[in-house]
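J.: Pasting in a structure now, in structure tokens, and then I'll have a few things to ask.
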Amino acid sequence: MKKTKKMMVFVLTATMALGNSAVTFAADGDAASGGTGGVSGSGAVEGHVEKEVLNVVLPTVSAGSSAFAYTMDPERLIQGTDAAKYAEGTVFPDKDSDTGVYFLTDTNTYSNTSNTYQVINKSSCDVDLTVKVKATQNTAKDIALAASDAVSTTDPELYLGLNVGTTEQVISATEMTVTKTIAGNSNNFNITVQTKDDGTKEYVYQEKESTFGWKAMNINMTGTVSKLDIEEDTTAPTVDVTWSWAKAADTSTPSTDAVEFVEGPQISMDNNGLITMTGFTSEQNYSSLAVTDGEGIKWDIGDSPYTWDLTNYDAATGGDANIQLSDGWRIFLIEKGGAVTLELTLTDGTVKTFTTTIS
């Protein structure tokens, strides 16, 4: 009997609690009189960020120099005199492969092909590069221009070709145009928050601190001249090259001959045995350079008896460095197959490699 009374008390208590809840719930409105209620919320837009960055780096040419200035030597006077007219140590192409047209590519160094200049697309989208080239006659005595590098063997002719990527454009008195599409890289950008001068914050679309995968288009010029006698007053035409860019259409297809743009120190070697190292900074500097020939023999710069002098190089500030292999070393490398691997080690431990074949 006692158990039953206790249970009844519990049930009654619970019922009273429910009853009180119902009363409280109904207090928001009078259902009996048909009242209404509700709430509203305003809308807001977080903002918009324009996800397009256009940034194209055009080639720069040192003050006082001309990227595509050239000298032609139809009579091969330079090779015939071992370049006696030029400063001691001046380097010209090997006479067996020399085409007779020279571009100054470094201090006292001439090549049949000019230096290579790059147009770099550091944009989030593709861009169209337009390169125009034209030869202008200086006098009526200008040498005739050839339509290919197979120049005449009976009448003096000069061939000049402009390379834009893998497209070689014959240079003539008619202005010619080469257009290439260079891919952008949206992966090198992200949305971040930036604080303005007044303390407010805003969203911005900007380049990441660490980027990779930029694309570039290489541009250079080459030349060939007939190996024939010319008139004393023969002259050579002037060449004008211009470049411009614009955002590419969304439906464009990037050119496949664009190359990867790599920042930081680079290394290369030409057929004359000139080793060139560029892009050093005081923070990321040259530590050592090793050369491996076709038989796997490795030489370290500075290790006796292979003591080669670096030029144009300041270890404190960085800069560019050159090493000119002697003709003896160059011939030795050719005899070993011509295959050469260069290993440039930076002070931070980074190793840059370049493999080439010299002939």
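The values are calculated or read from the model by the stated rules, or taken from the named source; none is laboratory data. Owing to the predicted nature of the structure, the values given are computational and were not obtained by experimental measurement. Quick reminder, even Gly has a Cβ in these numbers, built from the backbone with ideal geometry, and neighbours come from all protein chains shown. Note: accessible area is taken over every heavy atom of the protein model, side chains too, but ligands, DNA and RNA are not part of it. Shrake-Rupley method; radii C 1.70, N 1.55, O 1.52, S 1.80 Å.
J.: Could you state the accessible area per residue of region 56-136 in Å², with a 1.4 Å probe and every protein chain left in place?
T.: Accessible area per residue, region 56-136: 48 Å².
J.: Moving on to the next point. Tell me, in nm to one decimal, what length is gained between LYS336 and SER40 on full extension, where the rule is 0.36 nm per residue of separation less the Cα-Cα distance?
T.: 98.1 nm
J.: Also, I was wondering about something else. Using a 7 Å offset from the Cα along the Cα-to-Cβ direction at both PHE354 and LYS85, what is the distance between the two label points in nm, to one decimal?
T.: Modelled inter-label distance: 3.0 nm.
J.: Report the Cα centroid-to-centroid distance between region 255-280 and region 150-212 in angstrom, as an integer.
T.: Taking the Cα centre of each part, region 255-280 and region 150-212 sit 17 Å apart.
J.: Please give the FRET efficiency for THR136 paired with ASN218, using the beta carbon to beta carbon distance and R0 = 25 Å, rounded to the nearest 0.05.
T.: The computed FRET efficiency comes out at 0.55.
J.: In addition: Can you send over the solvent-accessible area of ASP320, 1.4 Å probe, protein chains only, in Å² to the nearest 10?
T.: Near enough 70 Å² of accessible area.
J.: If you don't mind, there's one more thing I want to ask. Apply the Karplus curve 6.51 cos²θ - 1.76 cosθ + 1.60, θ = phi - 60°, to the phi angles in region 116-125 and return the couplings in whole Hz, x for Gly and Pro.
T.: Ordered by residue, 3J(HN,Hα) equals 9, 10, 10, 9, 10, 9, 9, 9, 8, 9 Hz.
J.: A further question on this structure: Using 0.36 nm times the number of residues separating SER326 and THR167, minus their current alpha carbon distance, what extension gain do you get?
T.: 53.8 nm
J.: Roughly how many Å² of TYR110 are accessible to a 1.4 Å probe, to the nearest 10?
T.: 40 Å²
J.: Sorted from largest down, what three extents in whole angstroms do the Cα atoms of region 66-144 have along their principal axes?
T.: 53, 35, 21
J.: Given a 1.4 Å probe and every protein chain left where it sits, what share in percent of the accessible area of region 216-283 is carbon and sulfur?
T.: Reported share for carbon and sulfur atoms: 47 percent.
J.: Express the carbon and sulfur contribution to the solvent-accessible surface of region 47-150 as a percent, rounded to the nearest whole number, probe 1.4 angstrom.
T.: 47 percent
J.: For an R0 of 22 angstrom, estimate the FRET efficiency from the Cβ-Cβ distance between SER252 and ASN55 and round to the nearest 0.05.
T.: Taking R0 as 22 Å, the efficiency between SER252 and ASN55 is 0.80.
J.: Based on the mean of other Cβ atoms within 10 Å per residue, sort peptides 74-87, 159-172 so the most packed one is first.
T.: The most tightly packed comes first, giving 159-172, 74-87.
J.: Sticking with the crude label model, points 7 Å out along Cα→Cβ, report the distance from SER97 to VAL262 in nm, one decimal please.
T.: Each label point is offset 7 Å from its Cα along the Cβ direction, giving 2.1 nm.
J.: Same structure again: Tell me, what is the per residue accessible area of region 190-298 in Å², probe radius 1.4 Å?
T.: 57 Å²
J.: Filter the cross-link list LYS134/LYS247; LYS132/LYS180; LYS122/LYS208; LYS85/LYS141; LYS132/LYS227 down to pairs whose alpha-carbon distance in this structure exceeds 19 Å.
T.: From LYS134/LYS247; LYS132/LYS180; LYS122/LYS208; LYS85/LYS141; LYS132/LYS227, over 19 Å: LYS134/LYS247; LYS85/LYS141; LYS132/LYS227.
J.: Follow-up question, since we're still on this one. Using alpha-carbon pairs under 8 Å, 6+ residues apart, how would you state the relative contact order of region 141-266 in percent?
T.: 33 percent
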